[in-house]
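One structure below.
The values are calculated or read from the model by the stated rules, or taken from the named source; none is laboratory data. Predicted model only: the values in this text are computed from it and were never measured. Note: ideal-geometry Cβ built from the backbone for every residue, glycine included; neighbour counts use all protein chains shown. When the accessible area is computed, the model is the full protein with side chains, heavy atoms only, and any ligands, DNA or RNA have been set aside. Shrake-Rupley method; radii C 1.70, N 1.55, O 1.52, S 1.80 Å.
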Amino acid sequence: MTAVPGQRSTAASSAVAGQAAEEDLRALFGQSIAVFASLAGSTHVVESANPAFFAAIGGERARTGVAIAELMPELADQGFIALLDEVYRTGEPYTGRDARVVLGAGPHAREAFFDFTYEPRRDASGTVTGIIVIGVETTQVKHAQRLMVEHRAMLEQIARQAPLTEVLGGMARCIENLAPQQMLVSVLLADPDGRHLRHGAAPSLPDFYNEAIDGIATGEGVGSCGTAAHRREPVIVTDIATDPFWDDFRDLAEQAGLAACWSTPILARDGGLLGTFAMYHRTPRVPQDTDLALARVFAGTAALAIERHHVEQAKAAAEARARTAHEELAKAVRAERQLRAEAEHRAAAAADLADRMRVAAAAQAARPHPEHCQLGGAQGCTASARIKVADSWGDAAWGCEAHVEEAILNVRSVFIASEELGGLAAYLNR
C-alpha cells in the first residue's frame, strides 16, 4: 500500500519535471537565433514557437494552434512530416545534419539548410504526447561554402587566362547549380560604344532566344538587361507577363518559357559598362537577399574576367602591331639592300659599258664614218658619230655616245661592231 503512493509521487514528479523542462526550453529559446517549436499530438499541432522559428518559415505564417502540415504544406513532399510521424510513433529522437528544405511556395520560395533534432515529448506515464523541434539554420554557411569553392575555381580560371567564353560559361553553370530553384543565367557583353549588348554566355537558354537578343540596344524599357545597362543599376522584373519593360520581348520570353528576369549591370572599375548579368526563372519570382548578394558577387567576378580579357586583347593587338611593324621594317631593309645591290650592279655595268665605249670610239676613230649620229630616229641627232653598232640581223649604224649607250641598254640585239672588242662574240656571251 505504501509503494503505490510512492510510485504515483514519482510519476507526478516526473510530469512536473517534464513541464518545467519544457518551460525552461521555451524560456531558453525565446530570443535565441536557434529555431524552437513545441508540437502536440499525432497531427503535430504547433503549441508554441520562438520568433526565430516563425522568421525561418516566413513571418506571415506566425500562428499557433494549427497542425504543422497545414501551416507548412510544402514539408509533406520533402519527407519531414513522415519523420515527425516516425518520431511520434517510435518515441525515438531524430537528428538531421545540413538538411535541405524548400520553405514556402511560388515566387517567395527559398532554399534553406538546418541542423535539427526532433525530440519526443512524454507525459507522466511515458507516453509520447508531442515533439519538440530544435534547430539551427545553416543556410548561409552552406551557401558560403559552396560559393567559395566555385568562386575560387573561377578566379583560378581568370588567373590562368582561360578564354572569356570558357570563364563566363563556367560562371553561368556554377550559379545555376548553386541556385535553390531552377535558374537560367545569361551574360551579355557591351559593345565598345556601350549602345548595344552582345551574346556572351547563356548555356541553358535556347539558341533562338540568344540569337534574338544578341545586339539589343541599351535603353530605358528595353527588357531587364537593356534597362539595367542604361541605368547602371539592377533591374528586378518578377513577372515578365505584366512588366512594361518586356512589352517588346514578351512573346519571345513566353516562347522560351521565361517568367522572371533579374538583371545586374557589369561595370568596370572606372564605372564604364562591360555588360549585364541576368538570372531568369521559369515562374514569377521575388529575389531573396541571398540572390541579390550572389548577383553582386558574380557580376563583380564577371567584371574582373571581362576587364582581364580586354587587357589581353589590347596586349595581343599591340604585339600584333609590333610584329607587323617589325616585318615591314625587315621588308624595307631587304628592299633597300636589294635596291642598293641593283644600283651597284647597274653602276658597275654602266662603268664597264662606258669603258668599252671609250675604247671603241678610240679604235674606230680612224675608220670612215658619217659626220653625225644615225641613231636619232625621225628627229635626227646632230651629235658627232663616234661608235659603230650592229644588231644580230646584220644591220649597222654609227652613233654618238649617248644614243649608242641607250641602244645597247634597251635593245638586247645591239652590240658594238668591233672584232677587236669582241663584237658579236661579246654580245652572244654576255
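With R₀ fixed at 35 Å, the C-beta to C-beta distance from Ala34 to Arg269 puts the FRET efficiency at about 0.25. Distance between the modelled labels on Arg321 and His372, one decimal in nanometres: 6.4 nm (7 Å Cα→Cβ projection). The label point for Gln338 and the one for Glu211, both projected 7 Å from the Cα toward the Cβ, are 4.8 nm apart.
To the nearest ten degrees, helix 3-29 and the longest principal axis of the Cα atoms of the chain are 30 degrees apart.
Maximal additional length on extending the Asp395-Thr43 stretch stands at 113.7 nm, based on 0.36 nm per residue less the C-alpha distance. Relative to the longest principal axis of the C-alpha atoms of the chain, give the angle of the C-alpha long axis of helix 401-410, reported between 0 and 90° and rounded to the nearest 10°. Its long axis makes an angle of about 50 degrees. The share of accessible area on the chain that comes from carbon and sulfur is 54 percent, using a 1.4 angstrom probe. Once the 1.4 Å probe is applied to the protein heavy atoms, the chain comes out at 55 Å² accessible per residue. The length gained by stretching the chain between Arg61 and Ala293 to full extension, at 0.36 nm per residue less their Cα-Cα distance, is 81.0 nm. Relative to the current alpha-carbon distance between Ala347 and Glu92, full extension at 0.36 nm per residue lengthens the span by 80.6 nm.
Roughly how big is the range 72-169's charge dipole about its Cα centre, with Cβ charges of +1 (Lys, Arg) and -1 (Asp, Glu), in debye to the nearest 20?
Magnitude of the dipole: close to 220 debye.
Which residues in the range 319-349 place their backbone N less than 17 Å from a point set 7 Å from the Cα of Gln161 along the Cα-to-Cβ direction? Inside the label zone: 319-323.
How much of the pair distance distribution for the range 271-331 lies past 13 Å, counting alpha-carbon pairs only, in percent? Each step should come with its number before you reach the end.
Details: 1344 of 1830 pairs.
The proportion of pairs with Cα distances above 13 Å equals 73 percent.
Once the Cβ-Cβ distance between Arg282 and Ala330 is put in as r, and R0 is 45 Å, what FRET efficiency do you end up with, to the nearest 0.05? Calculated value: 0.15. Once the mean of 1/r is taken over each pair of separate Cα atoms and inverted, the range 199-303 shows a Kirkwood hydrodynamic radius of 13.8 Å. Ordered from longest to shortest, the equivalent ellipsoid semi-axes for the range 310-371 are 57, 8, 4 Å, each the square root of 5 times a Cα gyration tensor eigenvalue. Against the chain, whose longest principal axis is taken from its Cα atoms, helix 289-364 shows a tilt of about 10°. Once volume of the Cα convex hull per residue in Å³ is calculated for the structure shown, the corresponding label among [x] 191; [y] 271; [z] 129 turns out to be [y]. Ellipticity at 222 nm from helices only: DSSP H runs of n ≥ 4 in the chain, each -39500 (n - 2.57), divided by the residue count, give -15500 deg cm²/dmol.
A protection proxy built from the mean count of other Cβ atoms within 10 Å ranks the segments 68-75, 153-160, 302-309, 222-229, most packed first, as 222-229, 302-309, 68-75, 153-160.
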